[in-house]
Amino acid sequence: MRTTRLLLRSGLTLAAAAALPAWLAGPSAAVSGISVSTSGTTVSVVTSACTQNNGSWGNASLLNSSQSSFAQGRQVALAGTTVSQSAAWSGVSPGTYTVVVVCSNGGTAGNQSVIVSAPAAPTTSSTTRSAAPPRGVMGGLGGAARDYGPLTLGVGAALVGSGVIATGWYLRKRSKPYRL
């Protein structure tokens, strides 16, 4: 009896944990079979919902806010493999758009809204060229900005060496059992 309750609780917990990602994703992720992304003025869409029919995967259309049908948008043919098909539009001006993907069999793979932002203007400080260091970057010794002489390096090495010896002596002393 006790084992049965334990298994039942474990099963319910496992079922709840398995259902959690689907619940968190919400209905929009389950309905739309496409993924839309932007990079600067380029909008791209990826799907795996279409199958090839007569050498075509289907078409994708980019609709602005004043367009209402698939035919009115900027259409691009899907390209890809049986695993993933994609399309992209470049030179898209800032605004809100809707991407619609229609497979070659006439079924809609999904639609999704996307916002294209204006590219950030470059700042003066990011485009100016700075003068190179007169002797280059001094690497190897902790990226030192100054050339230290042999006396300074010798003193530093002696300090590091004495620290290593002191640490070894302390750890060895602590590892021995106390004797009375």
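I need the chymotrypsin sites (Phe, Trp or Tyr not before Pro) found in the range 39-126, filtered to DSSP loop residues with at most 15 other beta carbons within 10 Å of theirs.
Numbers: sites: 57, 70, 89, 97; in loops: 57.
Taking the range 39-126 and a limit of 15 other Cβ atoms within 10 Å, no loop chymotrypsin sites (Phe, Trp or Tyr not before Pro) are found.
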Tell me, what HN-Hα J-couplings in whole Hz come from the Karplus equation 6.51 cos²θ - 1.76 cosθ + 1.60 at θ = phi - 60° for each residue of the range 54-65, using x for Gly and Pro? 6, x, 10, 8, x, 10, 10, 10, 9, 9, 7, 5
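Report the full-extension gain for the segment residue 37 to residue 64: residue separation times 0.36 nm, less the Cα-Cα distance, to one decimal in nm.
Values: separation 27, 0.36 × 27 = 9.72 nm, distance 1.56 nm.
Value of the extension gain: 8.2 nm.
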Calc'd 3J(HN,Hα), the range 103-112, phi into Karplus 6.51 cos²θ - 1.76 cosθ + 1.60 (θ = phi - 60°), Hz, glycine/Pro = x, comes to 6, 5, 7, x, x, 8, 6, x, 9, 7
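Read the figures in this text as sums done on the coordinates, not as results from a lab. This structure is a prediction, so every number in the text was calculated from the model and none was measured. Neighbour counts run over all protein chains shown; Cβ positions are idealised from the backbone, glycine included.
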